[in-house]
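*Asks:* The structure's right below; bear with me while I get my questions together.
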Ligand SMILES: CC(C)(COP(=O)(O)OP(=O)(O)OC[C@H]1O[C@@H](n2cnc3c(N)ncnc32)[C@H](O)[C@@H]1OP(=O)(O)O)[C@@H](O)C(=O)NCCC(=O)NCCS
């Protein structure tokens with residue numbers, strides 16, 4: 001079973017494996033070390049407790065094993081998604097399912113009108129994930145290919161959840177990506 005869940009204490013080791021040299025070279029950042037894993041988790045948990053919540057950093061777990069991280073930032077004019085998978089799990093469709101789950105959160109629960117994404121021009125696998133999940137290429141800028149996806153492109157009607165109407169921590173736990181079109185369950 002594939003699910004998106006909140007990150008928390010005890011996820012440090014899994015994060016180190018996800019943010020390895022092989023994966024992070026596509027992000028233009030250094031691999032994670034143990035200190036960074038600790039403070040990132042602290043920041044992620046603090047962001048999850050904010051209300052209103054504007055940053056979702058969720059773990060992608062397969063059969064209970066944390067294999068990736070997907071992010072939705074909506075503290076900017078247009079929300080953005082990003083993702084990273086543990087390198088030894090690439091090519092199994094996990095990122096695609098994770099992004100679909102994140103889009104269900106963005107367009108369903110949060111009622112966002114549009115989400116954007118980008119990847120380095122030398123990272124075609126990431127572009128493939130975005131196209132498979134419905135993103136439309138919008139151009140190229142400063143070494144990145146850019147993409148956008150509107151809720152209406154996927155047939156979602158805008159319906160924002162009332163602020164504070166539901167604890168943020170419940171969202172990731174209820175987000176199932178087991179099917180082809182993940183929904184909040
Ligand atoms: C990009 C990334 C998330 C993809 O994860 P994944 O779980 O392997 O993705 P999926 O299996 O869902 O889909 C990958 C698709 O890319 C395709 N692909 C892989 N390598 C490719 C390449 N060199 N050229 C073109 N397509 C490629 C796969 O065939 C697959 O498409 P398909 O289903 O049509 O066959 C993963 O490689 C990763 O974590 N990379 C490092 C971090 C990163 O780049 N994040 C994105 C930053 S914007």
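The values are calculated or read from the model by the stated rules, or taken from the named source; none is laboratory data. Not measured: the values here are computed from a predicted model. FYI the Cβ positions are ideal-geometry reconstructions off the backbone, even for glycines, and counts take in every protein chain you see.
*Asks:* Please state which one of 57, 78, 62 is in contact with a strand residue (DSSP E or B) (Cβ under 6 Å, 6 or more places away or on another chain) and surrounded by fewer than 17 Cβ atoms within 10 Å (Cβ to Cβ). Lay out the reasoning, then the answer.
*Replies:* On the way: 57 fails: surrounded by fewer than 17 Cβ atoms within 10 Å (Cβ to Cβ); 62 fails: surrounded by fewer than 17 Cβ atoms within 10 Å (Cβ to Cβ).
Criteria check complete, one pass: 78.
*Asks:* Now for a different question. Quick check: is even one residue across the range 109-123 farther than 15 Å from residue 15 by Cβ and assigned to a helix (DSSP H, G or I)? Break it down into steps so the answer makes sense when it comes.
*Replies:* To start, the set of residues in the range 109-123 that are farther than 15 Å from residue 15 by Cβ comprises 109-123.
Filter once more, keeping what is assigned to a helix (DSSP H, G or I): 109.
Yes - at least one qualifying residue is present in the range 109-123.
*Asks:* Do we find a residue being free of Cβ contacts under 8 Å to residues at least 24 places away in the same chain, over 24 Å from residue 148 (Cβ atoms) and more than 12 Å from the chain's Cα centre (by Cα) anywhere in the range 51-59? Before you say what the answer is, go through the steps one by one.
*Replies:* Taking the range 51-59 first, the residues free of Cβ contacts under 8 Å to residues at least 24 places away in the same chain are 54-55.
Applying the additional criterion that residues be over 24 Å from residue 148 (Cβ atoms) yields none.
No, there is no match, as no residue in the range 51-59 is free of Cβ contacts under 8 Å to residues at least 24 places away in the same chain, over 24 Å from residue 148 (Cβ atoms) and more than 12 Å from the chain's Cα centre (by Cα).
*Asks:* Looking at the structure I just gave you, is residue 72 touching a helix residue (DSSP H, G or I) at 6+ places or on another chain (Cβ under 6 Å), more than 11 Å from the ligand (Cβ to nearest atom), in contact (Cβ under 8 Å) with a residue 40 or more places away in the chain and within 12 Å of residue 2 (Cα to Cα)?
*Replies:* On the way: touching a helix residue (DSSP H, G or I) at 6+ places or on another chain (Cβ under 6 Å): yes; more than 11 Å from the ligand (Cβ to nearest atom): yes; in contact (Cβ under 8 Å) with a residue 40 or more places away in the chain: yes; within 12 Å of residue 2 (Cα to Cα): no.
So residue 72 does not fit the description; no.
*Asks:* I've got another one for you. Just one of (1) at pLDDT below 95; (2) farther than 16 Å from residue 55 by Cβ trips up residue 74, so point out which.
*Replies:* (2)
*Asks:* Also: What are the residues in the range 107-136 that are within 16 Å of the ligand (Cβ to nearest atom) and under 20 Å from residue 61 (Cβ atoms), if any?
*Replies:* 129, 133
*Asks:* If you take just the helices (runs of 4 or more DSSP H) that sit entirely in the range 1-63, which of them hold at least 1 residues that are within 15 Å of the ligand (Cβ to nearest atom)?
*Replies:* 12-18, 21-24
*Asks:* Determine whether the range 78-95 contains at least one residue that is modelled with pLDDT under 95 and either in a loop (DSSP other than H, G, I, E, B) or under 20 Å from residue 1 (Cβ atoms) (or both).
*Replies:* Initial filter on the range 78-95 (modelled with pLDDT under 95): 78.
Restricting the remaining residues to those that are either in a loop (DSSP other than H, G, I, E, B) or under 20 Å from residue 1 (Cβ atoms) (or both) gives 78.
Yes.
*Asks:* For the range 86-95, state whether one or more residues are away from the ligand (no atom under 12 Å from the Cβ) and crowded, with 22+ Cβ neighbours inside 10 Å. Break it down into steps so the answer makes sense when it comes.
*Replies:* Step one: of the range 86-95, the residues away from the ligand (no atom under 12 Å from the Cβ) are none.
Scanning the range 86-95 turns up no residue that is away from the ligand (no atom under 12 Å from the Cβ) and crowded, with 22+ Cβ neighbours inside 10 Å.
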